[in-house]
Amino acid sequence: MSRVVVGPFNRVEGDLDIALDTDNGQVTEARVNSTLYRGFEQILVGKPALDALVYVPRICGICSVSQSVAAAQALSQALGIKPTRNGELCRNLVLANESLTDLLTHFYLFFMPDLARETYAAELWYNQVATRFRAVKGEATRDVLPARAEFLHLMGLLAGKWPHTLSIQPGGSTKPVQRQERLRLMAILSGFRRFLEKTLFGDDLERVQAIQTPAQLENWRHEKPWQHDDLRTFLHLSEQLGFAGLGRSVDRFMSFGNYSLEGVNAVGQGIWTPDQGLSGFDAGRIVEDVSHAWMRPSEALHPQQGETEPVAEKEGAYSWCKAPRYAGQVMETGALARALVDGDPLLTAMARKEGANVKTRMLARLLELAKMLPRLQQWAQMIEPEEPFCNHPSSITDGEGVGLMEAARGSLGHWIEVRKGRISQYQIIAPTTWNFSPRDASGQPGALEQALVGTPVREGETDPVAVQHIVRSFDPCMVCTVH
């Protein structure tokens, strides 16, 4: 048996090291170390309540809008403010703009460049894949960056800037939309749709959405050569490299729900397992275990009573990341979890057969792009420029609130307590905190730690490529993990 430490990982937001124990060419045990601590939860205590909307976007430069939305929802509940319908539509559009951009960026700039590594130089498909997806220099980079930039113009119209916008408020959005701006929104969305249909899917979005079974996916895939579009290329490489058998984790999935409009979520909330299917979600069953984190020892606490007290040295600790658990169990969160909770028939069939793996996680992200873009077009049409966009608080009172939503990487929760107009308690659990958690007091490894067990390690590898694929299939954001 031997141990190898993999890290720091490139093309990852933040710092990550993973210690792997290996034997007979495969991983037998993994420990995931979030190596950075920043302390946003401590920074927020004592600040005026609405100042949370200035601080929390700066947790992350990739998903700052997600942090803003979660904070706005928590403040809305704590202060008793109901957002306007226009405000919710604009909030959903801005959030979806960031999230879909993130899904696209992850596929093209974070995940696919690993398939252009020299490790695969002997494969028959390598030259074509390297030409298309090589980091920075590949054809795909030249295709996706202009489309991404044009799509983000929606953020400029609705939020003023990105990241760290201040337009999102507990009562809606401070940026009203004029009629001519609504037309511009529709044009931006139409342009991004053309890019998806031409480059990523090579087909109409409605036709991609209509694929409901693995057999239908295979039939669709073989209608055109594997080089025809980037989804078919991914499916071909998944088959060649055995992605369906790589990185299976806990097979327990959670979604907080997302894109609320007048009390109804466009993306469902719940817990999904292959055996029981969909079950209800109760936020009161969430706790954070700190037994293996560099945090002051305490019992596992619900976030509303949670503590974030760092300690530099602690026996048994190996990460700055806490270990969130739902009903005492590890949960996987992300695009695949959203699809399963929302009842997607294709991904449900695949997950029942083979669980979560590199293939299903990545496929879920791509299919979310096809599913969500038409919804953005509908939301833009529903904006009524003559109606109000934001309700403002008349005073700041005492209260408690929680904001639960879905960032691109999965379930994000903010818990706030306000006393005399100032923040007296603030706790955050980010998606990567769920997926990259260390062990808990019972010794239960986190989702990634479990997914890495059994991963093949090639002779002489110090940076195992299969480990890279699994880690990237979760799309880690370490600065959110340790905020």
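The table for this structure:
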{"quantity": "Count of Lys pairs (Cα-Cα under 20 Å; at least 8 positions apart or interchain) in the chain", "calculated": "8"}
{"quantity": "Ranked by how many other beta carbons lie within 10 Å on average, peptides 15-22, 33-40 from highest", "calculated": "15-22, 33-40"}
{"quantity": "Kirkwood hydrodynamic radius of segment 396-483, Cα pairs, Å", "calculated": "15.4"}
{"quantity": "Protection proxy ranking, peptides 160-167, 326-333, average beta carbon neighbours within 10 Å, highest first", "calculated": "326-333, 160-167"}
{"quantity": "Phi-based couplings in Hz for segment 34-39 (Karplus 6.51, -1.76, 1.60; Gly and Pro marked x)", "calculated": "7, 8, 10, 10, 10, x"}
{"quantity": "For segment 222-229, 3J(HN,Hα) per residue [Karplus equation, 6.51 cos²θ - 1.76 cosθ + 1.60, θ = phi - 60°, Hz, x = Gly/Pro]", "calculated": "8, 5, 9, x, 5, 8, 5, 8"}
{"quantity": "Loop-located chymotrypsin sites (Phe, Trp or Tyr not before Pro) in segment 78-156, at most 14 other Cβ atoms within 10 Å (DSSP)", "calculated": "none"}
{"quantity": "In nm, spacing of pseudo-spin labels at Ala135 and Asp463 (7 Å Cα→C-beta vector)", "calculated": "0.6"}
{"quantity": "Quotient of C-alpha Rg and 2.2 N^0.38 Å, computed over the chain", "calculated": "0.95"}
{"quantity": "Spin-label proximity, Ala121 to segment 434-463 - amide N less than 18 Å from point 7 Å beyond Cα toward beta carbon", "calculated": "458-463"}
{"quantity": "Fully extended contour minus Cα-Cα distance, from Gln381 to Arg296, at 0.36 nm per residue", "calculated": "25.6 nm"}
{"quantity": "Cut-off 10 Å between beta-carbons: net charge of the residues surrounding Thr119, Lys and Arg +1, Asp and Glu -1", "calculated": "-3"}
{"quantity": "Derived scalar couplings ³J(HN,Hα) [segment 401-410; Karplus, 6.51 cos²θ - 1.76 cosθ + 1.60; whole Hz; x for Gly, Pro]", "calculated": "x, 9, x, 10, 7, 10, 7, 4, 8, x"}
{"quantity": "Shape parameters for segment 35-130, alpha-carbon atoms, Rg then Dmax in Å", "calculated": "19.8, 62"}
{"quantity": "Computed magnitude of the charge dipole of the chain (debye, nearest 20; Cβ of K, R +1, Cβ of D, E -1)", "calculated": "1020"}
{"quantity": "Trypsin sites (Lys or Arg not before Pro) within segment 306-341, DSSP loop, no more than 10 other Cβ atoms inside 10 Å", "calculated": "none"}
{"quantity": "Size of charge dipole - segment 20-143 - debye, nearest 20, with Cβ of Lys, Arg +1 and Asp, Glu -1, no other charges", "calculated": "580"}
{"quantity": "Local net charge near Gly443, Cβ-Cβ under 13 Å (Lys/Arg +1, Asp/Glu -1)", "calculated": "-1"}
{"quantity": "Segment 287-352 and segment 395-445: distance between their alpha carbon centers, rounded to Å", "calculated": "11"}
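Values in this text are rule-based calculations from the coordinates and carry no lab data. None of the values given here were measured: they were computed from a predicted structure. Note that we place each Cβ from the backbone using ideal geometry, even for glycine, and neighbour counts take in every protein chain shown.
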